[in-house]
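One structure below.
The values are calculated or read from the model by the stated rules, or taken from the named source; none is laboratory data. Worth saying up front: this structure is predicted, and the values here are computed from it rather than measured. Cβ placement follows ideal geometry from the backbone for every residue including glycine, while neighbour counts extend to all protein chains displayed. Ligands, DNA and RNA are stripped out before the accessible areas are found, and what is left, the full protein with its side chains, is counted by its heavy atoms. Shrake-Rupley method; radii C 1.70, N 1.55, O 1.52, S 1.80 Å.
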Amino acid sequence: MNFLLLSCPSGEGHNSARRAIAEELDRQGVTYTMADPVSFQSERAQRMAAGAYNSLIRRSPRAFGLLYRAGALYSGTHLRSPVYFANAHYSENLYTYILENGFDAVISTHLFGMEALTAIRRRQKVTFPSFGVLTDYTCIPFLREVDLDLCFVPHEEVRQELIRKGVPASTVEVSGIPVSAQLRAQIDRAQAREQLGLPRDRKVYLILTGGVGCGHVCVLCDELLRIGGEDGFVCVLTGRNETLREQLQARFGSNAPFQAIPFTEQVPLYMRAADVVISKPGGLSSTEAAVANVPLVHFGAIPGCETKNAAFFSRHGLSLWGKQERKAIAFAAQLAHDPAQAEEMRRKQREVLSPYGAETILRRIAETLGKTDGKENTEP
């Protein structure tokens, strides 16, 4: 079999979900190609789409929230959206690429790819196996207009929301969000800390920065270092934001129990090493923390998907939601020093969310294609 995996860098979670699917395809020995659907319009369009999104969420999250709300209202009109027409513009190029490379199925973890695949179905009057993967715990705007074989969602509550909003029930299946199998690795906290060179005798607070600016992270670090005293150690994963890492290291790194870590492939290990993860409520990063089974505190939700994600997690006891930075820090200290509360959160994480999203998605696609290999399901 030969798969095409589509995603866009507007939000790293979409790419992470795609990588998790690719990781499982590698394990199964299946061929695949990864692509950004917008690149089939032009490289310039690809850069502009990613740059506009990332700039907006960093500099003006409230404006993003207003756009999200407007998109949700427009979705209620049942008219085809500007987002659909923008992605339909390059759909013929994508269609040609699919035909030339003989892909058996296409999977998109981003709305843009799903819209382009929908346009191919409507314009070319063809149906080839195409699938979408939702990486948030809510029905995102414009998803109702997507026409695919199946859309995979993280939880039954989300499935029911999609159905209420007009997505055909037969096309929505619960799989869990795909995350790396490394997050399920059987390694304890002491081993993880030894491998990373982190102190074994302190409470380790791991901050995932996502798209937030330095100001928010500085407040978090100030408060954690203040209340943690000699008992705490703060790790900040700054990803590819080297400016943020340098700013944090200059401010906190010289004489404090603090470390700012640049982009790393060892995020699962850092999660295993932490007493508490403090993160913006991205759907993918939140799922990763839950699958790693570490107590989670949410902060700084961007209006829209992130507020929905935080509400879902806090409602099910999978996280505590600190809507202001200082409240988030109080929750983090609470979880770090209350083993019973932390264990109850870990128990709910294990019960509510599936850690086998990628495996479930690929198994169902294989069944849909009629090419199951007869292997036993390895899920517990």
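Compute the accessible area per residue over the chain, keeping the other protein chains in place, probe 1.4 Å, unit Å².
So the chain comes to 45 Å² accessible per residue, rounded to a whole number.
Compute the relative contact order of the chain as a whole-number percentage, counting only Cα pairs closer than 8 Å that sit 6 or more residues apart in sequence.
Over the chain, the number comes to 16 percent.
How large is ³J(HN,Hα), in whole Hz, for each residue of the stretch 258-271 in order, when computed from phi with the Karplus curve 6.51 cos²θ - 1.76 cosθ + 1.60 and θ = phi - 60°, using x for Gly and Pro?
Here the 3J(HN,Hα) series is 8, 8, 9, 10, x, 3, 9, 8, 9, 4, x, 5, 4, 5 Hz.
Going by amide H atoms built from the backbone, whose H comes under 5 Å of the H on SER175, apart from near neighbours?
Residues meeting the amide H criterion: VAL153, HIS155.
Suppose every K and R has +1 on its Cβ and every D and E has -1 on its Cβ; what is the size of the dipole of the stretch 263-344 about the Cα centre, in Debye to the nearest 20?
Dipole about the Cα centre, nearest 20: 320 debye.
Counting only protein heavy atoms, what percent of the accessible surface of the chain is carbon or sulfur at a 1.4 Å probe?
Whole-percent figure for carbon plus sulfur exposure: 49.
In the neighborhood of GLN195, defined by Cβ-to-Cβ distances under 15 Å, what is the net charge if each Lys or Arg adds +1 and each Asp or Glu adds -1?
+1
When you count, for each residue, the other Cβ atoms within 10 Å and take the mean per peptide, how do 283-295, 161-173 rank with the highest first?
The most tightly packed comes first, giving 283-295, 161-173.
Given the C-alpha centroids of the stretch 220-270 and the stretch 292-329, what is the distance between them in whole angstrom?
Going from one Cα centre to the other spans 20 Å.
Going by average Cβ density within 10 Å per residue, which order do the peptides 221-228, 92-99, 123-130, 11-18 take, highest to lowest?
Packing proxy ranking, top to bottom: 11-18, 221-228, 92-99, 123-130.
For the chain, what does -39500 (n - 2.57) per DSSP helix run (n ≥ 4), summed and divided by total residues, give at 222 nm, in deg cm²/dmol to the nearest 500?
Taken over the chain, the calculation gives -15500 deg cm²/dmol.
Give me the accessible area of ARG347, 1.4 Å probe, in Å² rounded to the nearest 10.
ARG347 has an accessible surface of roughly 80 Å² with all protein chains in place.
Collect residues whose amide H, placed 1.01 Å from N in the peptide plane, falls under 5 Å from the amide H of ASP147; neighbours closer than 5 in sequence don't count.
Amide H neighbours of ASP147: THR118.
Evaluate the charge dipole of the chain about its Cα centre and quote only its size in Debye, nearest 20, assuming +1 on the Cβ of each Lys and Arg and -1 on the Cβ of each Asp and Glu.
In total the dipole reaches around 940 debye.
Which net charge results for the neighbourhood of PHE263, defined as the other residues with beta-carbon distances under 12 angstrom from its beta-carbon, given Lys and Arg at +1 and Asp and Glu at -1?
Once all neighbours under 12 Å are counted, the net charge is -1.
Mind checking which of ASN293, HIS316, TYR356 is farthest towards the positive end of the stretch 234-378's charge dipole, using Cβ charges of +1 (Lys, Arg) and -1 (Asp, Glu) about the Cα centre?
HIS316
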